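Just passing along the structure, written as structure tokens.
The values are calculated or read from the model by the stated rules, or taken from the named source; none is laboratory data. Here the structure is a predicted model, which means the values were calculated and not measured. Ligands, DNA and RNA are stripped out before the accessible areas are found, and what is left, the full protein with its side chains, is counted by its heavy atoms. Shrake-Rupley method; radii C 1.70, N 1.55, O 1.52, S 1.80 Å.
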Amino acid sequence: MELKRARGRFGLQSLRIPPPAVLSLLYLGSVIVGGLLLWLPVSTQEPISLFTALFISTSAVTVTGLSTVDIGTTFSFFGEAVIMVLIQLGGLGLMTFAVLVLSAMGIPIGMPQRLILREDLNQTALNNLTVLVRIIFSVALLCEAVGLLALAWVWVPQFGWAQGLWYAAFHSVSAFNNAGFALFPGSLSLYVDDPVVNIVIPALFILGGLGFIVVGDIYQKRHWSRLTLHSKLMLVGTAGLIVWGFVTFATLEWTNPGTLGGLPTTGAKLWASWFQAVTPRTAGFNTINTAAMHDSTTLMTMMLMLVGGGSTSTAGGIKVTTLIVLVLATGAFFRRTTTLHVFGRSLKMEEIMKVMALTTVSMLLVALGLFAVSISHDGNFLDLMFEVTSAFGTVGLSRGATGQLDTFGLTLIMIMMFIGRVGPLTIGFFLATRSVPRVRYPAGQIYLG
């Protein structure tokens with residue numbers, strides 16, 4: 001009803017374009033403009049095809065990090081700057097930037113813009129959206145500035161002031177937005193045992209992945225008992241996934257000569273285990289050879305990639321709160337309880353249905369994407385599955401399959417990246433739309449299990 005009134009008042013009824021479709025077109029337009037800019041001779045040190053430029057642009061706008069070329073050696077300073085801007089636009093949201101510019105110019109934010117912004121920020125209400133935009137930018141700029149200063153401590157002495165500061169700025173933006181783009185060959189493998197890099201980079205993408213609402217809630221409340229239910233679930237879920245990932249990765253890979261087993265010290269192994277435990281949560285950086293991981297570790301990493309980060313964050317995936325609600329609902333089923341309780345609050349059946357729908361659609365999309373990619377490529381099945389999952393989760397980790405795919409396969413990966421970034425927003429729109437059935441039928445029974 002709210003959407004219909006807004007359309008009628010602002011003349012959108014004749015257009016019949018829902019906010020998620022407008023948002024998708026905005027992201028698509030950014031991909032095309034970014035691709036054209038990256039295709040320019042001034043953007044590259046060596047010529048690339050338009051298709052390659054569009055692939056990199058798609059990966060940047062969707063904050064994924066998959067690439068068919070080495071970013072640091074292929075692109076010039078201008079090209080790297082374009083990629084960084086695309087990452088920032090895609091990570092914080094296109095409408096977020098638009099609202100900030102309109103507010104700075106004193107132009108009031110109308111209902112159509114608020115509807116699109118609501119989809120971009122994955123919100124259900126229209127109130128306080130401009131306040132949320134200010135929180136997002138304040139948190140992002142503060143975190144990226146602190147990250148820049150910390151990383152400059154490592155790279156300025158090594159590369160000099162100009163290049164060192166640029167590396168620090170680029171990787172700070174890439175990390176906070178969970179993009180995973182790095183300017184070094186092999187991502188961050190050269191700094192596998194560097195304490196500063198192993199603390200600052202994960203801190204940035206963990207903060208970005210928690211979500212701006214959670215970070216703002218922590219800053220305002222500063223006490224566990226006063227935090228919202230969403231913040232509590234995100235903090236507990238994130239901590240649990242990090243611990244589980246760290247212990248599992250270290251246990252499985254400790255003696256693998258291709259990953260942890262090839263590192264010289266126990267400290268380096270622990271740093272690498274920590275980094276690889278948190279990076280699958282849509283960050284995309286790596287400090288070890290991902291292709292050399294055991295199959296069991298690869299599957300564990302894929303699980304983390306599917307989960308992703310938090311709602312209203314720079315991360316992708318089905319989200320941590322979705323996983324928690326699924327686990328709670330499963331436990332309630334076996335306990336024969338009809339309501340879910342957590343941290344002194346109850347969850348509605350409507351929320352459980354949304355979670356189930358989002359998870360089901362996500363799993364179907366990953367399965368269909370894997371099937372489509374395998375049609376034109378008969379490589380290692382686990383590598384293909386890893387690649388598709390990484391694209392859908394907007395992670396950016398790769399086992400090397402991206403460079404082996406043909407144009408059709410790469411196009412499908414681009415589609416998966418786009419769906420992984422914009423798709424959940426569209427799904428959320430339809431889940432938020434209610435319809436009252438005109439006819440009610442008598443209850444029936446089916447047999448399950």
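For segment 202-331, what percent of Cα pairs sit more than 25 Å apart?
That fraction is 29 percent.
Follow-up. Summarise the accessible area of segment 220-309 (1.4 Å probe, protein heavy atoms) by the percent that is carbon and sulfur. Don't skip to the end; give the middle numbers.
Values: 2410 of 3640 Å².
The C+S portion of the solvent-accessible surface of segment 220-309 is 66 percent.
Which entries in 232/348; 232/269; 269/354 show an alpha-carbon gap greater than 29 Å?
Working: 232/348 17 Å; 232/269 31 Å; 269/354 40 Å.
Violating the 29 Å limit, Cα to Cα: 232/269; 269/354.
Report the relative contact order of segment 165-270, percent, no decimals, based on alpha-carbon pairs under 8 angstrom and at least 6 residues apart.
Numbers: 66 pairs, mean separation 20.6, N = 106.
Computed over segment 165-270, the figure is 19 percent.
Then there's this: Quick one: which residues, 5+ away or cross-chain, put their amide H under 5 Å from the amide H of residue 44? H built at 1.01 Å from N.
76
Rolling a 1.4 angstrom probe over the protein heavy atoms, how many square angstrom per residue are accessible across segment 218-276? Can you show the working numbers first?
Values: 3090 Å² over 59 residues.
On a per-residue basis, 52 Å².
For segment 290-376, with every protein chain kept in place, what is the accessible area per residue (1.4 Å probe, Å²)?
Using a 1.4 Å probe on heavy atoms only, each residue of segment 290-376 averages 50 Å².
If the chain between residue 295 and residue 33 were fully stretched, how many nm would it gain, using 0.36 nm times the residue separation less the Cα-Cα distance?
Contour length minus the Cα-Cα distance gives 90.4 nm.
Can I ask one more? If you average the C-alpha positions of segment 374-422 and of segment 196-255 separately, how far apart do those two centres end up, in angstrom?
Using only Cα atoms to place each centre, the spacing works out to 27 Å.
Considering only protein heavy atoms, what is the solvent-accessible area of residue 406 at a probe of 1.4 Å, reported in Å² to the nearest 10?
Result for residue 406: roughly 70 Å² accessible.
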